[in-house]
Amino acid sequence: MGSSPTRFVIIGNGAAGTYCAEELRKNDPACEIVLIDDEPYTLYNRVSLPRYLKGVLLEQRVYVRDLEWHTKDRIDLRLETKATLVDFDHKTVAVEPGGEIAYDRLLLATGGRPNPLRVPGAEGQKALFNFQYFDEAKAISARIAESKVGVVLGGSFIGYELTEAMAFRKLETHWLMRGPHFLRKALDADGGEVVRLLAQDEGVHFHAEESIDQVEARNGSMRVTTSAGATIDADIVGVGLGLTMNIDVFRDTALQTNVGILTNEYLETNVPDVWAAGDVAEFYDVVSQRHHRMGTWDNSLNHGRHVARNMLGAKQPYVEVPTYASGMFKSNISVMGVTTEEEPRAEGLVEVDLEGRNYKRLFFLEGGDGQDRLVGAILVGKMKGRKRILELISTRAPIEERHQVFEMLATPEAGAKRATPSE
Ligand SMILES: Cc1cc2nc3c(=O)[nH]c(=O)nc-3n(C[C@H](O)[C@H](O)[C@H](O)COP(=O)(O)OP(=O)(O)OC[C@H]3O[C@@H](n4cnc5c(N)ncnc54)[C@H](O)[C@@H]3O)c2cc1C
């Protein structure tokens, strides 16, 4: 690299990419930083989009960084610019528009794109939406304002967020999901029932094990035919059907990918001088001792800051217990560590109070020493005990009696606070 400043190129200006750029500048005043993104916006908080959709948060409050911040920190931000090819041998990124950018060190933080609804009649419907980008949030919000009936398909968090926003804005809201209940791989039937009751309390029509078979345009709105043979005339349809990772650009290269981009615990890929971070990184997690991807804001932010230090020469493993916290209608949900969604061998233990709409599920795995360990948990309703759960997961403390963990959670803990994703 000689005496010229190191040039860091980052593809993706989401939380992972932007916080990496910030940390690079903090630690290396001389380096060059080029940040490329195909969207037209500086960093905005995707976690804030549901509140924007509900109409309780103004557009300006969704942005996390503005253009001036990039200028002040000398970050060469290229918006509406797509990386179309990476030549790892010659260390260049082809961008459109703009030609070619050479890098010394490269971060891939390209996140994922939402899967579309693929049923007859769905393609080209103007009031049928995914929910990932700011532009989509703006279009959905405008459409809700002129709608009476909404249909949502999706039994995970995006499906929930769309349902909640439509119900909050007083639409007759139908929530469809293919599985028997919300988060079908992580919750059991009791947990699913608590979420169904919370939805019902807000007037939502809940349709489990029911999907969309067909969509037809009708007088400016849509007729939705469901897999149960029912029809719903809807003014708006929203879908949350998971993400496909943005790794197409790296196809036919030496970069190792699976669902996302494979990295070790230092977030290094198999290609020299190339790292990956955020949603797209399928990283080796030293806490759960396995490769996995996280789709959370805090993980992307922490990945971004952490990978910057490794790109500058440190070699520190990324060590964090994964967490996801969200509203759940007028209640809360928190997911920590590993659940049966990622680790089907994990055994769950449940405490439920349907009346109070409270639910706790703890996940245990037997370690190589024959001792049980708490590896994850889901709480719906009361968040008490969250801090203690995180401690038990991160310290990998052996558990003698599984049910005793519930008793530990019931005792007061110092400094515990409500879980919200940081912004
Ligand atoms: C509606 C919604 C609600 C959410 N709620 C929560 C929540 O409550 N709690 C929580 O923890 N998480 C939540 N999340 C998830 C969280 O927001 C994401 O995990 C996080 O923002 C991902 O950040 P990232 O930097 O990894 O990727 P992204 O934010 O996806 O950024 C990647 C960027 O790279 C761009 N890009 C991709 N390919 C290219 C290319 N070839 N060239 C140029 N640019 C490219 C993309 O367009 C994108 O702008 C929510 C997400 C959404 C959509």
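Observations on the model:
- Greater than 28 Å apart at Cα, pairs in Lys148/Lys360; Lys185/Lys382; Lys315/Lys360; Lys185/Lys387: Lys148/Lys360; Lys315/Lys360
- Carbon + sulfur, % of accessible area of the chain - ligands and nucleic acids excluded, 1.4 Å: 46
- Most to least packed among 109-115, 381-387 [average Cβ atoms within 10 Å]: 109-115, 381-387
- Solvent-accessible surface of the stretch 84-225, taken per residue with a 1.4 Å probe and all protein chains present: 44 Å².
- Whole-Hz ³J(HN,Hα) from phi, Karplus 6.51 cos²θ - 1.76 cosθ + 1.60, for the stretch 275-289, glycine and proline x: 10, 9, 8, x, 3, 6, 7, 9, 9, 7, 9, 6, 6, 8, 6
- Column: log10 I(q)/I(0), Debye, Cα scatterers of the chain, q = 0.07, 0.10, 0.13, 0.14 Å⁻¹: -0.37, -0.75, -1.20, -1.33
- Helical runs assigned H by DSSP (4 residues or longer) give the chain a calculated mean residue ellipticity at 222 nm of -6500 deg cm²/dmol, each run adding -39500 (n - 2.57) before division by the residue total.
- Remark: accessible surface ordering of Glu123, Glu342 (largest first) is Glu123, Glu342, probe radius 1.4 Å.
- Using θ = phi - 60° and Karplus 6.51 cos²θ - 1.76 cosθ + 1.60, couplings along the stretch 75-81 (whole Hz; Gly, Pro as x): 9, 7, 8, 10, 7, 6, 10
- Cα centroids of the stretch 30-64 and the stretch 258-322: 22 Å apart.
- Here the relative contact order of the chain, from alpha carbon pairs under 8 Å that lie six or more residues apart, stands at 14 percent.
- Solvent-accessible area of Ile232 with every protein chain in place, 1.4 Å probe, in Å² to the nearest 10: 20
- Shape category assigned to the stretch 128-241 from the gyration tensor of Cα positions, a/c cut at 1.5: prolate
- Projected-area average for the stretch 323-410 over all orientations - Cα convex hull basis, square nanometres: 5.7
- In the full protein context, the stretch 226-344 carries 38 Å² of accessible surface per residue, based on a 1.4 Å probe and ignoring ligands, DNA and RNA.
- Accessible surface of Val9 - all protein chains present, 1.4 Å probe, nearest 10 Å²: 0
- Computed over neighbours whose Cβ is under 12 Å from that of Ile140, the net charge equals 0, Lys and Arg +1, Asp and Glu -1.
- Cα centroid separation - the stretch 144-159 against the stretch 339-403, whole Å: 31
The values are calculated or read from the model by the stated rules, or taken from the named source; none is laboratory data. Everything quoted here is computed from the prediction, not taken from an experiment. Methodologically, a virtual Cβ is constructed for each residue, glycine included, from the backbone with ideal geometry; neighbour enumeration extends over all protein chains shown. Note: accessible area is taken over every heavy atom of the protein model, side chains too, but ligands, DNA and RNA are not part of it. Shrake-Rupley method; radii C 1.70, N 1.55, O 1.52, S 1.80 Å.
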